[in-house]
1. Name the residue that is nearest to the chain's Cα centre (by Cα), counting only residues in the stretch 55-67 that are within 12 Å of Ala256 (Cα to Cα) and touching a residue at least 60 places away in the same chain (Cβ under 8 Å).
2. It is to be established whether one or more residues within the stretch 171-182 are of a type in the set (A, V, I, L, M, F, W, C), in contact with a Lys or Arg (Cβ under 8 Å, 6 or more places away or on another chain), within 16 Å of the ligand (Cβ to nearest atom) and in a helix (DSSP H, G or I).
3. Which strands (runs of 3 or more DSSP E) sit wholly inside the stretch 247-358 and have at least 1 residues that are crowded, with 22+ Cβ neighbours inside 10 Å and not aromatic (Phe, Trp, Tyr)?
4. Counting just the residues of the stretch 99-119 that are away from the ligand (no atom under 13 Å from the Cβ) and without any contact (Cβ under 8 Å) to a residue 24 or more places away in the chain, which one comes out farthest from Asp132 (Cα to Cα)?
5. Tally up the residues in the stretch 1-58 that are under 19 Å from Phe114 (Cβ atoms), among the small types (Gly, Ala, Ser) and surrounded by 10 or more Cβ atoms within 10 Å (Cβ to Cβ), please.
6. Of the residues in the stretch 220-258, how many are of a type in the set (Gly, Ala, Ser), within 16 Å of the ligand (Cβ to nearest atom) and under 24 Å from Leu56 (Cα atoms)?
7. Pairs needed: first member in the stretch 137-162, more than 17 Å from Lys102 (Cβ to Cβ) and touching a residue at least 40 places away in the same chain (Cβ under 8 Å); second member anywhere, among the aromatic types (Phe, Trp, Tyr) and part of a helix (DSSP H, G or I); C-beta distance under 6 Å; at least 6 residues apart or different chains.
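Taken together, the values in this text are just the output of simple stated rules run on the coordinates, not laboratory data. Because the structure is predicted, anything quoted here is derived from the model rather than measured. Here Cβ is always computed from backbone atoms with ideal geometry, including for glycine, and neighbour counts include all displayed protein chains.
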Amino acid sequence: MSDSVKRLIRPEIQAIAAYHVPDASGMIKLDAMENPYSLPPALQQALGQQLQAAALNRYPDPGGQRVKQALASQIDLPAGYELLLGNGSDELIQMLMLACAKSGATVLAPEPSFVMYRMVATWCGLDYVGVDLQADFSLDMPMMLQAIEAHQPALTFLAYPNNPTGNLFAQEDLRAILAAADGWVVIDEAYAPFASHSCAQWLAEYPNLLLMRTLSKLGLAGLRLGYLAGPAACLAELDKVRMPYNINVLTQVSVACLLEHSHVFAQQAEEICVQRQWLLDKLAALGLQAVPSEANFVLLRCADQDQALAWFAALQAAGILVKCLAKAHDLLHNCLRITIGTPEENQAFIAALAQIRA
Ligand SMILES: *Cc1c(COP(=O)(O)O)cnc(C)c1O
């Protein structure tokens, strides 16, 4: 490492690994919870016309008003509540943490969960406390409540459904955390399109609840748009650490156009849920253990860590990229995460897996 890097870069940044995105060219890509379907031709046409007319010489609308109006089709806001837009919900996580990064302030999250909670906390100089889930991936409530009491976290992040485990936490556990926490509790509903329950109706009930969603898993990962619902007074402060023009012109035009056809994405989500059940049934028929899922992926439990690593490599050799979690957390030591693909992709995955085990 060069002298200046060693001298100038904060040690905690030097200590972390960059967010790694593997090369997937030519592979069946079941690693990143993308929607496998592209836009129907009619919608491609409609979008093309809108994009042709986009004013790329101008800065975008700083408030993203048309986008916010379009998002009204996705979420009901109580009186006094507003939306804050992010360049993906990743950027919202960063805004939340930047704004709360007082000396000694803490971020709390269960583990394993979304890796960006810990990573962004490190970037922003916040203390991070992770509380392990129980073996069945439910919240360890005595430990969560003890951590809230001991650390008084400014921010608690709960992915609902959780990534990478795919389950919904118990509603009474979430309510107990909302009641116990003095800080904000961010319920991250990135997988809401595939889940049987949402906490959106709770917004009016808990002043410390912030609800975060994204269009990424719905089928628009390339646009980078996340949104946070919360009390206007809170969002007004967070808005001060938002980069001006964070939502670019092409994204704003696209979202306004595409959400007029939100039934297309709702239908794709439904199909993905049907395929999720198909995949779970096939895995069960192969005598394999998978965790029931409320998201657009399933967690497959191999016999042990060695088998998880071996199957990951063999699938990769067969042209199928999944996510290997065997080294991500002790509770995942034997786990692979498989994003639901098209029926053909899922069939190819099952065929490859059957072959590997033969
Ligand atoms: C994928 C994911 C996100 C990130 O979404 P972007 O909007 O694409 O940044 C946030 N939270 C969870 C739990 C996720 O799995």
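1. Ranking the candidates gives Val67 first.
2. Checked against the condition, which is being of a type in the set (A, V, I, L, M, F, W, C), in contact with a Lys or Arg (Cβ under 8 Å, 6 or more places away or on another chain), within 16 Å of the ligand (Cβ to nearest atom) and in a helix (DSSP H, G or I), the stretch 171-182 yields no hits at all.
3. 297-301, 335-339
4. Ser103
5. Qualifying residue count for the region: 1.
6. 4
7. Phe157/Tyr117
Yes or no, residue by residue, for (1) outside any strand (DSSP E or B); (2) within 12 Å of the ligand (Cβ to nearest atom):
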| residue | (1), (2) |
| --- | --- |
| Ser198 | yes, no |
| Ala204 | yes, no |
| Met212 | no, yes |
| Lys217 | yes, yes |
